[in-house]
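Note sheet for the following structure.
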């Protein structure tokens, strides 16, 4: 049985977790092209290395970050996202044609 350490709940069976993708710089959502956005969402380097990834603990609804080696699949470290991120990202986009922007 593979165990992952949840920063909130401690060591748990890997079946309780859902992979959320690699942590990487997000393009500007209001100015990027569809191609840039698709590359951000769907593509990764796919090389043997240590990657920083989003993981979700399903029973508690907790998102966190894990560092994992893609060759050995060893989980090296897990931690709360607040260690990397200290502000929210506003996903509000420009209003659609004919609509007014509301505050």
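Any read-out appearing in this document is the output of simple, stated calculations on the displayed coordinates, not a laboratory observation. Small disclaimer: the values here were computed from a predicted structure and weren't measured. Neighbour counts run over all protein chains shown; Cβ positions are idealised from the backbone, glycine included.
For 32, 6, which order do you get if you count the other beta carbons within 10 Å of each Cβ and list the fewest first?
Working: 32 14, 6 20.
Ascending Cβ contact count within 10 Å gives the list 32, 6.
Could you put 85, 56, 17 in order, starting from the residue whose Cβ has the fewest other Cβ atoms within 10 Å?
In increasing order of surrounding Cβ atoms, one gets 85, 56, 17.
Determine the relative contact order of region 3-83: mean sequence separation of Cα pairs under 8 Å and six or more apart, normalised by residue count, in whole percent. Intermediate results must be reported in sequence, preceding the final value.
On the way: 117 pairs, mean separation 23.3, N = 81.
Normalised by residue count, the contact order of region 3-83 is 29 percent.
Only one of the listed values, [x] 20.0, 69; [y] 19.2, 67; [z] 17.0, 56, was derived from the coordinates as Rg and Dmax of the Cα atoms in Å; which label is it?
Here the calculated entry is [z].
Could you check which residue among 88, 12, 49 shows the biggest mean-square fluctuation in a GNM of the chain with a 10 Å Cα cutoff?
For the chain, modelled as a Gaussian network with Cα springs under 10 Å, the answer is 88.
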